[in-house]
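> Sharing a structure here in C-alpha cells format.
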Amino acid sequence: MLPIKIYIEGLNSYAEPVEIDFTRFYRNRIFGIFGDTGAGKSTILDAIILSIYGKTPRLGSNIREAINPRKQEMCLKFQFSIAGDKYLIERNIGKQNKIKLYRVEHDNLVPLAEKEREFREKIRDIIGLSEDEFCKVVILPQNQFAEILKLEPAKRAELIGNLFDLNVFGAPLYDVVVSKLSELKASKEEREKRLKELESITEQSIESKEKELKQVHNNLEKLQKEQKTLSEKLKIFQSFIQLNDRKKALEREITEIIKKTSEIEKLKERLKIDEELSLYKGFYDEWLRVEKSIAEGESQKSSFDETLKELDIKLERKRKEKEDFEAHYNKKQPELIKKLAEIEQLIELNKSLRQQEENQRKINDEITTLKKNKTKIEREIEKTKSEIDKHWIEIELHKKDLKQHELSKEEESLYKTLQSNLHQIKRLEDLQKEIQNIDKKINKEIKEFDEIFEKLKKLLQLKIALKVKTYDEIENRLIEEINRLRTEKEQKEAELKELEIKNLAATLSKKLSPGMPCPVCGSKEHPSPAKTPLDKEINKIEMEISALEEMLKNSENLHNEIRGDLNKLNSKKTKIEEFKTQLEEKTNQTKVLEEELSNKISPEYWKKAEDTFLKLKEKSDKYGAILKRLTELNNIFTEKNSSLNEKNNELAKINAEIDAQTKRLEELTKQIDEQRINLFEKTQGRQPEEIKTETEKELETLKKKREQIEKTLKELEENKNKLSLKLQAINTSLEKDKKRKEELFTALNKKAVEKGVKVDELKQFFIEEKERAKIKKEIDEFENTLKTKKGEYEGIVKQLEELPIKSLPPDEPSKTETFLNEMNKKIAESNQRIGALNEQIEKEKQQLIEKQELTKEMEEINKKFLYTELLKKLTTGKEMVKFLSWYLLKDIVVVTNELLKELIGKRFLVNVLPNLEFTITDLLYNKERPVATLSGGETFILSFALALSLSHYIQSRRKKSIEFFFIDEGFSSLDRDLLDSLCNVLDRLRSQDRLVGLISHLDDLKQIIPEYINVYRDRIGSSKVAIV
C-alpha cells in the first residue's frame, strides 16, 4: 500500500482546504514533515487514519470535537494504491456523516461502497488490517520509541502479547483449558456410568433372541393358514344373511315409492300450465312495476310543485334586498375612497418624519464615532512616534551584524560551485552504492544458477545416464534422447507387425475360443496350433518395445519434472545478463560523472563537500536573514513615518467633519419639531396606518355584502331552473308509464278471461324459478330412486343364486366366528411376541453399537484428558505468553542488531533473555551490561532500531504489503554523529522500496532529507503546507 494524495479541510487547525501529493516523494522514497510545535504535523497522520477507519487513537472516539470551530463539518479525501489497484476514500463528518469508496480506473471513479457497514467490510478486504494493526505497522508514535526498553518483563510480555495477539495464550487459554478439563471429566464419568449399565449386552444374548424369533415366525405361518380357511367360510355365511336381509328391505322400499305416483303426476301437470303461461308472466311482472312507478312519479311531481312556489317567494324578497343595498352602496363607497386618499397623504408625512428622525440619529452616531476616532488617532500618533524611535536603534544594531556575517569573495565562489554540483556528488555516491548492490546480485544469481545446473546434471546422470557439460546441452540432449527412443520404438513396432502378419494363422488360432466360428473358414473346431519359429522372435521384440516405452516414459517424465528448473535457469541467465548490462551502464555513468566533477572541484573536496557547503550555507543564510531583516526594518521605518503624517492629516479632517455635522444636526431638529405638531393636529394622536386599516376594512365589508347578495340571488335562480327541468322530466315519464300500463292490461285481461279469472288473480298460475327447479328435482329424484332400487333388487337376486349354499347350516355363523376369534387371539399373541422380540433385538443391537462407540470414545477421552492436564500445567500463570513473546523477540532482536551495526558500527549488540530482560553486549570491552547504562542518545538509537524492527516484523506477517510508515518526533536527544548514522539507516529503508516520512520540529534533520513538507500557521491560525 502506498499513499497518493490526502485532502484535508475542517480537521483541527486545518480550517482551509489543504492537499498533499505524496507521489513527488516516490523517487527519493523518504521525506519529512517539519514545523513548530502545534503547527499541525501529526494531524496529517490523523487525517489518513480517520479517512480509512473513521476514528484515530490520538483523537479518541468523539471525532466531532476535532472539527475546526470555523467549520460546520470536516472533509477528508485519501487516494492510495495497493496491489496495482488505486482507490479513493471520501469521508465527511458533521451533522450528517457520509462515506464513499471508489476504485480509480483510468481517471474514472467506480463506486464500491456508500454505507458505513459496507465500507468497513470492503476496506478490510482491500487493506487487510484493523485500525489498531494499521497504527502499529504504519506509525512509530511520539515519545514511545523507548517504551519497550523501559517496561518491566511482565509488562513487556503484555505489550508483545497485545501487538501479536499472544495474550490469548495466558489467562484466557488457561480458563478455556480448565473449563475443557471439567467437561472431559464429566464426559468421562458419564460414559463410565453408561458402560456399566450396558455390561449385560453381548452378541450371544442377541443370537439367543433371534433363534426364539425364528420359531415364533414358523408357528405364526401355520396359524395364518388356518385363519384364512375359517375367514372364507365365515364370509360366505355372512354374505348369504346380508343379501337376504337386503332383498326384503328393497321389496318394502319399492312398494312405498310406487304409492307416491299420483302426487308426482299432479306436479307434472302444474309445470305444464306454468310453461303455457311463461310469456304472460313477464307481462304481469312489468305491469306491477309500471303501476308502482306511476305512483312514485305522482308523489315526486306534487313535492316539486310545492318547492317551486317557495323558491318564487324567496327570489322576490332577495331582489328587493339587492335594490335597497345598491342605493346605500353607491352613496357610501365614494366617501370611504376619499377618506383613504387623505390618510395616504398623512402616512407619507409620517414616513418623512421617521426618516428625518433616523437621519438625526445617524448624525448623532457619526459625531460620536468621529469623536472616538479622534481619540484613537491621537493615541496611535503617540504610539507611532515611540515605535519610530525603537526601529531606528534596531536598524543601527543590524548594520553592525551584517558586516560580521558577509562572505568573502573566495568563500562566495566556493559556495556557488558546491551549490551547483552538490547533487552530482550525491549522485556519484548513489551510483557507487548501486554498483556494489548490482555486483552482489550478480554473484548471488551466478551461485544459484550453478546450484540448479549441478542438480540437473546429477538428475540426468542418475535417471537416464545422460551426461551434459553446459546448460545449453540439457534441453537439446534430452529432446534428442526422447526422439531417438520414439524412432527406435516405431521401428520395433513395424518389425513386430511384419512378423505378426507372417505368423497370422498361429496368432488367429490363439485368439479363437472353443465354439467361436473362424473368420476365414467358418469352422468351430480349432485344434491346438503348433508353435512356429517366429514366436520367440515376436516375444523378444515385444519385450524390447516394452523396455523402450518404459525408457521413453521416464525421459518424458524427467523432461516435465525439470521444466520448472530449466525455466529458472533461463530466468537466472536473463537476470545475470540484465544485471551485467546495468553494471556496465552504472560504471560508465560513474566514470563520466567523475570526469565532469574533476573539472569543477578537486577530488579531495568530494568527501567533505557537503559539510563545507552546509557551513558556508549557514553563514550565507545568516547574512541573508540579517539583510532581509534590515530591509524589513527600513521599510517599516519609512512606513511608520508615512503613517504618522497620514494620521495627522486624518485628525485635521475629523475635527472639520465634527463641526459640519453638529451644525446640520441643529437644523434637522428644528424641522422635525414643526412636522410633528402638524401631524398631531390632523390625526388627534392616532397612527395614520391604524385609521387606514379601519377604513379599508369598512370598504371591504361593504363590497363583500354586495357580492354575497348577488351570489345568493344567482343560486336561487339556478335552483329554480334545475327544479323546473326535473319536473318536466317527471311529467314525460308519467305519460309514458300510463300508456304502457294500458297496453299490458289489454294483453293480460285477454288471457285472464280464457282462464276464467281476473287479471290480478293470474298470479296463482305462475311458478317462481326456485320453486320450478325444486319440483323438477323432486320428479327426477322419484324416477331415479325407483329405477335404482329395482336394479339393486335384481342384482341381489342374482348374487344369491351364485352363492354355494341355498340355506344356512345349524349354529352358523356363530360357530365359525367362535373358532375364528380363538385363532385371531393366538395370532395376535404371536405378533405381539414377535414385536417384543424385534424391539428387544433392535434395542440390544443399538446398545451394543453404543457400547462399542463408548469404548472407543473412552480411549479418545482418556488421551484428551492427559493432554489437557498437561496443557493446564503449561498455561498456569503467563509462562506460555512469556515463551512466545521471547520467541518473537529473538527474531526482532536479530533485525535490530543489523540496524545497530548500520547506525553505530560494532559498538554494542542487544540480547533478550528467556525472562524477557534486555541486556547489552559491549563489543569494545567484550562484556555484558544492563540497558540502564546506555546514554540518552544510545537509548534513542536502540529504541529506534527496535521500533523499526518491530514494524518490519509485523508487516512481514501480513498478506498485503504496507509500503510506507511514519516516524513521529523522537529525535531531540541525537548528536550530529548519531544523526549521520540515522541518515544511513534511512538510506537502507529507501533501498527496501518503502516510503518513509519523518515528523519533527528539528531544523537539523532538514539537512539529511532531500524533500519535506513545511507545516505552518497563517495569520488567522489556520494550518498551511508548503513542499520544500
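> Checking the structure you have, find out if any residue of the stretch 377-399 is more than 30 Å from Asn648 (Cα to Cα), part of a helix (DSSP H, G or I), of a type in the set (Lys, Arg) and in the same structural domain as Ile626 (by TED's automatic domain parsing).
yes
> Here are the criteria: (1) in contact (Cβ under 8 Å) with a residue 40 or more places away in the chain; (2) under 30 Å from Leu699 (Cβ atoms). Tell me which single one His328 does not satisfy.
Condition (1) is where His328 drops out.
> Return a yes/no flag: does the stretch 309-318 have any residue that is in contact with a helix residue (DSSP H, G or I) (Cβ under 8 Å, 6 or more places away or on another chain), assigned to a helix (DSSP H, G or I), under 30 Å from Glu783 (Cα atoms) and of a type in the set (Lys, Arg). Don't jump to the end; show me each part of the working.
If we filter the stretch 309-318 for residues that are in contact with a helix residue (DSSP H, G or I) (Cβ under 8 Å, 6 or more places away or on another chain), which is where we start, we get 311-312, 314-315, 318.
Within this subset, residues satisfying the condition of being assigned to a helix (DSSP H, G or I) are 311-312, 314-315, 318.
Then drop every residue that is not under 30 Å from Glu783 (Cα atoms), which leaves none.
The answer is no; no qualifying residue exists.
> Still on this structure, I have one more. Does the stretch 826-842 include one or more residues that are of a type in the set (Ser, Thr, Tyr), over 60 Å from the mean Cα position of the chain (by Cα) and modelled with pLDDT of 85 or more?
To start, the set of residues in the stretch 826-842 that are of a type in the set (Ser, Thr, Tyr) comprises 830.
With the extra rule that they be over 60 Å from the mean Cα position of the chain (by Cα), the set shrinks to 830.
Right, trim to modelled with pLDDT of 85 or more and you get 830.
Yes, the stretch 826-842 contains at least one residue that is of a type in the set (Ser, Thr, Tyr), over 60 Å from the mean Cα position of the chain (by Cα) and modelled with pLDDT of 85 or more.
Each row is one residue, and each column tells you yes or no for (1) in the same structural domain as Ile294 (by TED's automatic domain parsing); (2) without any contact (Cβ under 8 Å) to a residue 40 or more places away in the chain; (3) among the hydrophobic types (A, V, I, L, M, F, W, C); (4) surrounded by 11 or more Cβ atoms within 10 Å (Cβ to Cβ).
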residue	(1), (2), (3), (4)
Phe745	yes, no, yes, yes
Leu748	yes, no, yes, yes
Lys751	yes, no, no, yes
Glu768	no, yes, no, no
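> Filtering the stretch 447-477 down to residues that are in contact with a Leu (Cβ under 7 Å, 6 or more places away or on another chain) and not hydrophobic (A, V, I, L, M, F, W, C), which residue is farthest from Lys575 (Cα to Cα)?
Ranking the qualifying residues of the stretch 447-477, first place goes to Lys463.
> If I ask for residues that are part of a loop (DSSP other than H, G, I, E, B) and closer than 27 Å to Thr261 by Cα, which ones from the stretch 752-781 would you list?
At the first step, the residues of the stretch 752-781 found to be part of a loop (DSSP other than H, G, I, E, B) are 756-758, 766-768.
Matches in the stretch 752-781: Phe766, Ile767, Glu768.
> Quick check, is Lys789 surrounded by 13 or more Cβ atoms within 10 Å (Cβ to Cβ), basic (Lys, Arg) and under 28 Å from Arg252 (Cβ atoms)? Lay out the reasoning, then the answer.
Working: surrounded by 13 or more Cβ atoms within 10 Å (Cβ to Cβ): yes; basic (Lys, Arg): yes; under 28 Å from Arg252 (Cβ atoms): yes.
Criteria met by Lys789.
> Something else now. Between Thr695, Thr701, which is hydroxyl-bearing (Ser, Thr, Tyr) and surrounded by 13 or more Cβ atoms within 10 Å (Cβ to Cβ)?
None of the other options fit; the residue is Thr695.
> Let me ask something else about it. Under the condition of being among the β-branched types (Val, Ile, Thr) and within 39 Å of the chain's Cα centre (by Cα), which residue from the stretch 883-900 is nearest to Val912 (Cα to Cα)?
Taking the stretch 883-900 first, the residues among the β-branched types (Val, Ile, Thr) are 892-896.
Now narrow it down to the ones that are within 39 Å of the chain's Cα centre (by Cα): 892, 895.
Details: Ile892: 10, Val895: 13 Å.
This residue is Ile892.
> Another question about this same structure. Quick check, is Lys292 over 15 Å from Ser733 (Cα atoms), out of contact with any Phe, Trp or Tyr (no Cβ under 7 Å at 6 or more places or on another chain) and surrounded by fewer than 13 Cβ atoms within 10 Å (Cβ to Cβ)? Quick ask: steps written out before the conclusion?
Details: over 15 Å from Ser733 (Cα atoms): no; out of contact with any Phe, Trp or Tyr (no Cβ under 7 Å at 6 or more places or on another chain): yes; surrounded by fewer than 13 Cβ atoms within 10 Å (Cβ to Cβ): yes.
Judged against the criteria, Lys292 is not a match.
> For the stretch 808-866, give me the residue count where each residue is touching a helix residue (DSSP H, G or I) at 6+ places or on another chain (Cβ under 8 Å), in a helix (DSSP H, G or I) and over 22 Å from Leu198 (Cα atoms).
14
> Please count how many residues of the stretch 927-954 are more than 23 Å from Ile160 (Cα to Cα) and at pLDDT 80 or above. Please lay out each step first, then the result.
Narrowing the stretch 927-954 to residues more than 23 Å from Ile160 (Cα to Cα): 927-929, 933, 935-937.
With at pLDDT 80 or above added as a condition, the list becomes 927-929, 933.
Result for the stretch 927-954: 4.
> Please tell me if Ile464 is within 30 Å of Glu549 (Cβ to Cβ), touching a Ser or Thr at 6+ places or on another chain (Cβ under 7 Å), outside the structural domain of Gln1007 (by TED's automatic domain parsing) and among the aliphatic types (A, V, I, L, M).
Details: within 30 Å of Glu549 (Cβ to Cβ): yes; touching a Ser or Thr at 6+ places or on another chain (Cβ under 7 Å): yes; outside the structural domain of Gln1007 (by TED's automatic domain parsing): yes; among the aliphatic types (A, V, I, L, M): yes.
So Ile464 passes the test.
> Being touching a helix residue (DSSP H, G or I) at 6+ places or on another chain (Cβ under 9 Å) and over 25 Å from Lys122 (Cβ atoms) is true for just one of Phe31, Phe25, Phe78. Which residue is that? Write out each step before concluding.
On the way: Phe25 fails: touching a helix residue (DSSP H, G or I) at 6+ places or on another chain (Cβ under 9 Å); Phe78 fails: over 25 Å from Lys122 (Cβ atoms).
Being touching a helix residue (DSSP H, G or I) at 6+ places or on another chain (Cβ under 9 Å) and over 25 Å from Lys122 (Cβ atoms) holds for just one of Phe31, Phe25, Phe78, which is Phe31.
> Something else now. Can you confirm whether the stretch 51-60 contains a residue that is touching a Ser or Thr at 6+ places or on another chain (Cβ under 7 Å), within 16 Å of Ile20 (Cβ to Cβ) and assigned by TED's automatic domain parsing to the domain that holds Glu116?
no
> While we're on this one: Test Glu938 against the criterion of being without any contact (Cβ under 8 Å) to a residue 60 or more places away in the chain, more than 30 Å from Val177 (Cβ to Cβ) and in a strand (DSSP E or B), and give yes or no. Walk me through how you get there before you give the answer.
Details: without any contact (Cβ under 8 Å) to a residue 60 or more places away in the chain: yes; more than 30 Å from Val177 (Cβ to Cβ): yes; in a strand (DSSP E or B): no.
In short, no.
> Determine if the stretch 183-205 includes at least one residue that is assigned to a helix (DSSP H, G or I), among the polar types (S, T, N, Q) and under 30 Å from Leu871 (Cα atoms).
First, pick out the residues of the stretch 183-205 that are assigned to a helix (DSSP H, G or I): 183-197, 203-205.
Now drop any that are not among the polar types (S, T, N, Q), which leaves 187, 204-205.
Subsequent filtering for residues that are under 30 Å from Leu871 (Cα atoms) retains 187.
Yes, some residue in the stretch 183-205 is assigned to a helix (DSSP H, G or I), among the polar types (S, T, N, Q) and under 30 Å from Leu871 (Cα atoms).
> Looking only at residues in the stretch 61-74 that are in contact with a Ser or Thr (Cβ under 9 Å, 6 or more places away or on another chain) and more than 23 Å from Phe966 (Cα to Cα), which one is surrounded by the fewest Cβ atoms within 10 Å (Cβ to Cβ)? Spell out how you get there, then give the answer.
Residues of the stretch 61-74 that are in contact with a Ser or Thr (Cβ under 9 Å, 6 or more places away or on another chain), as a first pass: 63, 66, 68, 70.
Those left that are additionally more than 23 Å from Phe966 (Cα to Cα): 68, 70.
Working: Asn68: 19, Arg70: 11.
Going through the qualifying residues, I end up with Arg70.
> Note down all Cβ pairs under 8 Å where the first residue falls in the stretch 646-666 and is assigned by TED's automatic domain parsing to the domain that holds Glu358, the second is of a type in the set (Ser, Thr, Tyr), and they're at least six residues apart or on different chains.
Taking only residues 6 or more apart or on different chains, the pairs are Lys647/Thr384.
> Okay, next question. Looking only at residues that are free of Cβ contacts under 8 Å to residues at least 12 places away in the same chain and assigned to a helix (DSSP H, G or I) in the stretch 667-689, which one is nearest to Thr384 (Cα to Cα)? Give the steps one after another, and end with the answer.
The initial filter retains those residues of the stretch 667-689 that are free of Cβ contacts under 8 Å to residues at least 12 places away in the same chain, namely 667, 670, 673-674, 677, 680-681, 684-686.
If we keep only those that are assigned to a helix (DSSP H, G or I) too, we end up with 667, 670, 673-674, 677, 680-681.
Details: Glu667: 39, Lys670: 43, Asp673: 46, Glu674: 49, Ile677: 53, Phe680: 56, Glu681: 59 Å.
Restricting to residues being free of Cβ contacts under 8 Å to residues at least 12 places away in the same chain and assigned to a helix (DSSP H, G or I), the top hit is Glu667.
> Related question: Of the residues Leu353, Leu311, Leu315, Leu336, which is surrounded by 13 or more Cβ atoms within 10 Å (Cβ to Cβ), in contact (Cβ under 8 Å) with a residue 24 or more places away in the chain, among the hydrophobic types (A, V, I, L, M, F, W, C) and over 30 Å from Glu715 (Cβ atoms)?
On the way: Leu311 fails: over 30 Å from Glu715 (Cβ atoms); Leu315 fails: over 30 Å from Glu715 (Cβ atoms); Leu336 fails: over 30 Å from Glu715 (Cβ atoms).
Being surrounded by 13 or more Cβ atoms within 10 Å (Cβ to Cβ), in contact (Cβ under 8 Å) with a residue 24 or more places away in the chain, among the hydrophobic types (A, V, I, L, M, F, W, C) and over 30 Å from Glu715 (Cβ atoms) holds for just one of Leu353, Leu311, Leu315, Leu336, which is Leu353.
The values are calculated or read from the model by the stated rules, or taken from the named source; none is laboratory data. Everything numeric here is computed off the predicted structure, so don't read it as measured data. Glycine also receives a Cβ, built like all others from the backbone with ideal geometry; neighbour counts cover every protein chain displayed.
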